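K.L.:
After the structure tokens below, expect a handful of questions from me.
Values in this text are rule-based calculations from the coordinates and carry no lab data. Quantities reported herein were computed from a predicted structural model and do not represent experimental measurements. Glycine gets a Cβ as well: all are built from the backbone with ideal geometry, and neighbour counts include every protein chain shown.
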Amino acid sequence: MVSNFWLISIDDSAITVSLSANRNNLFKVESIGDSVNWQYPQLNSFLTAVDESLASCAELISLPPDSEPNTAAFVVPASWIGPDGRIQSEFKKIIEQLCSKLKFKPLGFISHDEAIVEQSSEADGLPVSFILLYLTPINFDLSLVYLGKIKQRIHQPLTGIFTPELLETSLNTLNSDSTLPPQVIVMGQYEPQIIEDFKNYPWIGKKTVETFLHFPDFIPQTPKETIAAYNDIITHQFQPQNFVNPPTVTPEIPVITTDSEDPVEVETSPIVEVEAASLNFEPVASVPEPSPTYEVIPIESPLPSVTPKPRFKLPHLSLPALPRLHLPSLWLALIIPALSPLLLIFLVFFYRLDLTLFFTPIDFSENIDVVLDPAITQITSANHIPVIAKKFDINLTLSTNTTGQKVIGDKAKGQIIIYNKTDKVQNLPKDTVLVSGNTLKFVLTSSVQVPASSSNLDLGIITMGQSKAVVEAADIGPEYNLGKDAKLSFKDIASISMETKIDTPFTGGTKNQVAVVAAADKQGLENQISTAVTANIDQKMTTEVASLSGLLTQTINITHNRNDYNREIGEQADQLTVQSSNTITAYVLDSAQKKTVINDLLAKKPELSATTFNPDKFTFDFIPDKTTDKTQGKLTIKGQLTPEPDVNSFRHQIVGKTASSLAKIIPVTFPRVYNYALISNLSPISRF
């Protein structure tokens with residue numbers, strides 16, 4: 001008896017290991033490890049991914065190493081399974097190496113799609129029909145499931161992101177004799193946005209291609225739900241009596257029409273099983289394959305059907321042979337009236353009549369002045385129509401290397417001593433020019449007053465007046481960094497009256513050539529961002545905006561907000577970067593809003609009250625008023641209405657009538673009927 005085991009789910013890009021534990025004779029997923037990426041066909045990458053996911057799974061519940069199970073069940077991609085139902089040799093070697101390294105005893109394997117089909121069929125008790133889409137970052141698998149059986153598979157690599165257009169193209173390659181089931185289960189690794197993209201894509205109503213007859217329902221299945229489904233079907237193989245979990249998804253059960261009233265056994269697609277020895281697996285137990293039978297559900301006519309009484313199945317009676325009676329005509333006259341009530345009862349309870357009416361649809365067209373308002377949910381008296389505002393942001397960033405050049409640096413500064421040889425005070429204004437060797441120029445940073453010289457005739461000494469001042473180089477560069485005691489002279493003052501020397505060394509003079517933003521750099525980047533924005537807007541319009549269901553094309557508005565540059569012309573920078581923010585807005589009408597608008601118009605036309613319609617088959621064209629904003633204008637609605645007959649009243653009207661009399665009653669009662677079909681269970685009456 002299996003106690004606990006590792007459930008190893010593998011796809012072509014990631015591996016997830018889970019622990020299935022037996023609690024009170026019922027298997028439950030107790031822990032789910034991290035999903036770890038691997039690179040096919042690298043064996044080391046595969047082994048490392050399994051080991052990491054298994055370690056995280058055990059760590060979540062603090063599972064001691066000595067308590068870890070040594071058995072494992074494998075869920076593999078459908079593309080790994082060969083035509084003989086066995087794992088292909090190249091993939092089999094990978095699993096064998098894993099079991100050898102981790103000393104696993106394998107329980108068996110099953111593909112992703114077969115596990116979901118079997119789990120849904122077992123839990124629902126009926127053969128299921130749906131489309132299964134398994135997504136990974138590098139490829140996708142598409143399985144067409146019809147009446148519990150996988151009819152076709154598609155395995156295709158991905159060169160970019162998965163889109164609704166790619167799904168539609170793949171579905172159209174399916175060679176299906178029957179209508180595609182309008183239910184798609186999405187599994188694997190995908191972003192939540194893809195589900196919204198699927199739901200907003202126009203699957204029906206196209207002129208060139210019609211993938212589905214009805215708008216499909218997309219059902220996302222989370223990794224946790226997927227693991228639970230795998231666990232249910234795997235443990236059901238050796239504990240079929242414990243299969244009590246509800247189905248993860250409930251695919252639509254197709255309706256089957258039959259002339260027989262006996263149950264019809266429908267062929268199902270069992271889980272693919274192979275001998276354990278084919279993978280060096282040790283068999284756990286031999287479980288007989290269940291062979292359920294399903295009750296056939298008769299299909300209801302899509303058009304009104306007149307059915308006086310339900311049909312019952314009568315048992316087959318075996319009566320003993322009776323002697324032939326010779327009754328006089330009088331007795332015969334008495335017996336026939338006596339049997340009349342029985343005949344009446346038989347007709348009342350067992351007679352069935354099916355009447356199908358074919359109507360000529362009513363063309364509907366209306367033009368109304370409206371105001372589109374996304375803030376409301378119901379139509380107002382002023383014809384304000386509820387719509388949904390869709391917004392698409394297009395934000396781009398581009399950079400370019402700058403090509404401008406600029407010389408920058410600092411000016412040298414220092415202190416000098418000014419000597420006055422004259423007997424008069426000398427006043428030197430700010431910016432007085434001093435030179436060194438007639439090449440390097442300096443200026444006073446502030447005005448200076450130099451005292452007059454003094455003399456001692458007795459001693460024969462003349463003392464020159466002196467004052468300290470700060471000077472700055474007239475230009476940048478290290479050549480202005482002069483040393484102490486260097487001589488300077490005034491450019492416009494004779495040296496016989498004034499002398500100077502450097503008191504403290506001049507420092508700080510530097511010069512460097514750097515890159516700056518040129519005007520051509522900014523103009524070139526402006527052209528690049530304009531081209532990129534246009535291309536992105538066109539792509540967004542083609543792939544997302546144009547495919548919106550219920551799009552009102554004339555409401556599309558493109559807003560170019562602004563371009564922000566990180567530097568201006570002449571600024572020092574190695575790169576110039578621009579950020580552009582743009583927005584596309586548009587209004588759409590969903591099915592519910594379309595239905596609300598049409599019902600509001602029909603309420604004003606009593607002659608069209610007894611009709612039905614499909615809002616998604618109607619066209620809505622909006623022409624905005626050029627004198628106002630794009631929310632006001634004229635809305636044109638076109639489509640077809642189907643007459644809705646009063647079936648109950650008509651049923652009473654035709655009771656007791658013959659088939660020939662119906663031919664006169666139907667055209668009078670329903671003028672738009674162009675044909676009808678009449679079928680009885682007691683006679684081969686039919687008319688087309």
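K.L.:
For Asn512 and Asn172, what is the calculated FRET efficiency with R₀ set at 45 Å and r taken between the beta-carbons, to the nearest 0.05?
P.N.:
Once the sixth-power term is evaluated, E becomes 0.10.
K.L.:
Grab the Cα-Cα distance for Gln39 and Asp492, subtract it from 0.36 nm times how many residues apart they are, and report the gain in nm with one decimal.
P.N.:
Here the answer is 154.8 nm.
K.L.:
Can you work out the PRE-style zone for Lys468? Point 7 Å along Cα to Cβ, and I want the residues of the range 436-456 with backbone N under 20 Å.
P.N.:
Those under the cut-off are 443-453.
K.L.:
Using label points projected 7 Å from each Cα along Cα→Cβ, tell me how many nm separate Thr504 and Ala389, to one decimal.
P.N.:
Taking the simple label geometry, Thr504 and Ala389 are separated by 6.5 nm.
K.L.:
Sticking with this one: What distance in nm separates the simple spin-label points at Asp600 and Lys664, each placed 7 Å from Cα in the Cβ direction?
P.N.:
4.8 nm
K.L.:
Here's a follow-up. Between Thr380 and Ala519, how many nm apart are label points set 7 Å from Cα along the C-beta direction?
P.N.:
Inter-label distance under the simple model: 5.3 nm.
K.L.:
How much length, in nm to one decimal, is gained on full extension between Asp66 and Glu90, taken as 0.36 nm per residue of separation minus their Cα-Cα distance?
P.N.:
Stretched out fully, the Asp66 to Glu90 stretch lengthens by 5.4 nm.
K.L.:
Next question. Given a Förster distance of 51 Å, report the FRET efficiency between Glu479 and Thr534 from their Cβ-Cβ distance, rounded to the nearest 0.05.
P.N.:
So, using R0 = 51 Å, E works out to roughly 0.45.
K.L.:
Turning to a different aspect of this structure: In whole angstrom, note down how far apart the Cα centers of the range 365-384 and the range 588-623 are.
P.N.:
Using only Cα atoms, the two centres lie 12 Å from each other.
K.L.:
Another question, then. Could you give each residue of the range 557-568 its phi-based ³J(HN,Hα) in whole Hz, using Karplus coefficients 6.51, -1.76, 1.60 with θ = phi - 60°, and x for Gly or Pro?
P.N.:
So the J values, rounded to whole Hz, are 9, 10, 10, 9, 6, 5, 10, 10, 9, 7, 9, 9.
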